[in-house]
Each structure stands twice: as structure tokens, then as C-alpha cells.
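Report on the structure given below.
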Amino acid sequence: GFTISNLTVKVTGNSPAGLFGDTSGATIKNVTVKNVNISGNYRAAGIVAHGLCLRMENCHVDGGSISSTPWKASGDKYDDANQVGGLVGYLTAQNTAWAKDGSAKNLTIKAYRDVAGIAGMAQYGAVVTGNTVENVKVSAIRLVQYVEEKEANVGVVVGRISGSPVIEDNVEAASEATVVAPDVNGKVVLPEGTSVEYLAKLVDG
């Protein structure tokens, strides 16, 4: 029932970044985080970055930014910066998992792929229901050469959907999800709020 304010989490390499980085079978309820600054190179989220069999209820993230930038994997090719969400990055249910009755508000969320306001990826029988996404800008920033071709999977509520999760009764308000990539002429239109420093990370690794 408490609120955590002005949370900064910075992680490098392929480790998850969030209030909780990695959970297994956890139940997390009634948590509010305000004004987050979370950055990494892999899974990232305001509450739980890696949610294996996670049960999340009445959790809220209000204000700030969550970003994940690709890291140079081999030669000039990049990897990761995927499964990034306002509440949970990767939500998977090998037995049972859910994100219920939460909210993501007033956020900027950026990654390479699998990125959204609530869950970057929902897999198997995971349930995402009763959540609100309000004034959230989600972007898949695809300006580097990736190790292998992958879909952007960008959404307001859930980015990547795999193995029949249940996604229902979520509310979207004044939010948008965009893909930033070069057009046929090689030009790029950047979303509002994209910093030069963020682009430098993408270009320079």
C-alpha cells in the first residue's frame, strides 16, 4: 500500500531491469511506483522485468521513462532490447500468471521489439485483464542491424502475444504505439521525446 517515488534503475548487459528484476512464482500486490527512470539492454519494466509465473494485482506505474537499447552482439549486429513493458516485461505462465487491475500512466517506453504499456510479452496462458493505459507513448526503435530478423511487436497494452494468453477488459486512453524505422528513402521520423543520447546508444552500442 505504499508508494515508491523517483526510482532509478540502470542495468547493462542481458540482465533484467525493474523494481524487481527477476521473479519466479511471486505474488506482488498493491504497489505504486511514481516517476521512474529505468534503463537496460534486455527485459525492462516499472515493476517486474522477468515475470515467470508472476501474479501481479493492483500495481501501478505513473510517470517517467522505461527504455532498453540493443547491445552489440557480434560484429556490427545488435541483440536484445526486447520484452519491455510499463508493468511487466516478460509475463509467462507455465502454470499460472497474471497482471490484473493495474495501470500505466504518463510514461514513455522505448525498446527494439516486444514493447507495450502493460506487458512487453504475454505468453502461454498468462492473463492480462482490467488494466488501464493512459497517456503512454510506446515506441519500437529499430535503427540498428539486428542479429536476425524479428517483428517489432509493439502495442499499447501488450506487445508480443504468444501461445494464447488471455487479454481482455483493458482500457486505452490517450496512448499510442509506433514503430520507428527508416522508410524506403532512408529517412526516419522520431517520436517526441527521443533524445540524442538515446540515439547515440543505438548507433555506437
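The values are calculated or read from the model by the stated rules, or taken from the named source; none is laboratory data. Computed from a predicted model, the values in this text were never measured in an experiment. Counting neighbours? That spans all protein chains shown, and the Cβs are built from the backbone with ideal geometry, glycine included. Heads up: the accessible areas ignore ligands, DNA and RNA and are worked out on the full protein's heavy atoms, side chains in. Shrake-Rupley method; radii C 1.70, N 1.55, O 1.52, S 1.80 Å.
The modelled label-to-label distance for the pair residue 162/residue 2, using points 7 Å beyond Cα in the direction of Cβ, is 3.5 nm. The figure for residue 178 is an accessible area of roughly 50 square angstrom, using a 1.4 Å probe on the protein chains alone. For the range 68-155, the carbon plus sulfur part of the accessible surface works out to 36%, probe radius 1.4 Å.
Counting only Cβ charges, +1 for Lys and Arg and -1 for Asp and Glu, the dipole size of the chain around its Cα centre is about 340 debye. Per-residue ellipticity at 222 nm computed for the chain from its helices equals -1000 deg cm²/dmol, with DSSP H segments shorter than 4 residues left out and the rest contributing -39,500 (n - 2.57).
For the chain, DSSP calls about 5 percent of its internal beta bridges antiparallel.
Taking amide H positions as modeled 1.01 Å from N, with prolines and chain starts lacking one, the residues under 5 Å from residue 71 and 5 or more places away or on another chain are 79, 81. Can you tell me how the range 95-147 classifies by the Cα gyration tensor, rounded, prolate or oblate, using a/c under 1.5 as the rounded cut? The shape class here is oblate. Ranking of 160, 142 by solvent-accessible surface, largest first: 160, 142 (1.4 Å probe, protein heavy atoms only, all chains present). Listed by chain and number, the lysines whose alpha-carbon sits under 22 Å from that of residue 187, ignoring those within fewer than 8 places in the same chain, are 77, 110, 137, 150, 201. Computed over protein heavy atoms with a 1.4 Å probe, the accessible surface of the range 52-99 works out to 32 Å² per residue. Rank 11, 102, 181 by how far each Cα sits towards the positive end of the charge dipole of the chain (+1 on Lys, Arg Cβ; -1 on Asp, Glu Cβ) and give me just the farthest. Towards the positive end, the residue furthest out is 11. Taking every protein chain into account, the 1.4 Å probe leaves residue 137 with about 70 Å² of accessible area, to the nearest ten.
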